[in-house]
């Protein structure tokens with residue numbers, strides 16, 4: 001049988017029957033690319049909306065946050081690598097849940113300040129079908145949907161989700177193509193994703209500042225100017241790195257974080273520091 005190309009992200013994994021893609025969540029089954037993490041829930045919590053982070057979308061509210069397994073990037077500083085880097089074997093203890101069950105939990109927690117469902121923890125778009133199906137039900141119930149994503153997906157996937165997503169936090173991990181290659185991604189894909197998402201949804205961006213990698217003030221200047229070209233009111237969360245996963249470098253200097261914020265504020269109206 002010929003290889004089948006997965007259309008979800010720029011890796012475009014060409015898979016033979018039974019093979020699993022780079023994200024560990026998509027597999028060639030019966031000559032079709034199938035989402036094998038559909039309904040496989042590894043994380044479920046009622047979080048403050050600010051934890052996503054979203055600071056300008058229903059501030060003070062809470063949101064049911066769900067995650068599965070798999071990711072199409074390979075960030076050595078990943079904070080959720082236990083599930084993001086997991087495949088179906090590692091995540092065999094995941095709980096099977098339907099979109100209807102997730103929606104029911106969302107409705108049952110309205111009286112606890114819940115406004116809807118956030119798709120987060122791992123990379124939600126490698127299992128976009130579950131996001132789509134759940135988000136439809138959540139909207140029908142009169143509640144909100146939030147997507148937390150690295151933005152490394154092709155635009156047709158985004159178009160399929162946009163009618164149901166009310167807000168997004170999108171990682172903009174660097175502003176140089178070679179740094180995105182280091183992470184296993186593509187800067188232009190993420191830029192395209194952000195540009196389109198901001199036309200239809202509330203968007204906030206997050207940039208984690210990793211010492212020796214994306215800590216250039218010149219890069220932050222270019223990044224902030226580019227974001228302002230879309231909308232200077234887009235919030236940018238500049239977040240402090242701490243050693244995690246395969247990276248042991250010391251945390252980002254707080255003084256550098258403040259410099260980054262000052263540079264970004266030359267172009268953007270809403271710049272926030274995280275983890276300081």
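Computed values, structure above
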quantity	calculated
Stretchable slack from residue 17 to residue 226, in nm (0.36 nm times residue separation minus alpha-carbon distance)	71.1 nm
Whether the range 136-253 is rounded, prolate or oblate, judged on the alpha carbon gyration tensor where a/c under 1.5 counts as rounded	prolate
Cα gyration tensor shape of the range 212-276, rounded if a/c is under 1.5, else prolate or oblate by comparing a/b with b/c	prolate
Selected from 51, 261, 40 as most flexible by GNM, with the chain as the system and alpha-carbon contacts under 10 Å	51
Fewest-first sequence of 220, 168, 247, 143 by Cβ atoms within 10 Å of each Cβ	247, 143, 220, 168
The chain: calculated mean residue ellipticity at 222 nm from DSSP helix runs of at least 4, using -39500 (n - 2.57)	-8500 deg cm²/dmol
Relative contact order of the range 123-274, pairs being alpha-carbon contacts under 8 Å that are 6 or more residues apart, as %	19 percent
Mean separation of Cα contacts under 8 Å, 6 or more apart, over the residue count of the chain: relative contact order %	15 percent
Value of relative contact order over the range 1-86, rounded to a whole percent, pairs C-alpha under 8 Å and six or more apart	23 percent
Ranked 144, 3, 32, criterion: other C-beta atoms within 10 Å, fewest first	32, 3, 144
Exposure proxy order (Cβ contacts within 10 Å, fewest to most) of 49, 115	115, 49
Per-selection metrics, the range 37-274 (Cα): Rg and Dmax in Å	17.2, 48
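Each value in this text was obtained by applying a stated rule to the coordinates, not by laboratory testing. Keep in mind it's a predicted model, so treat the numbers as computed, not measured. Cβ: placed from backbone, ideal geometry, glycine included. Neighbour counts: every protein chain shown.
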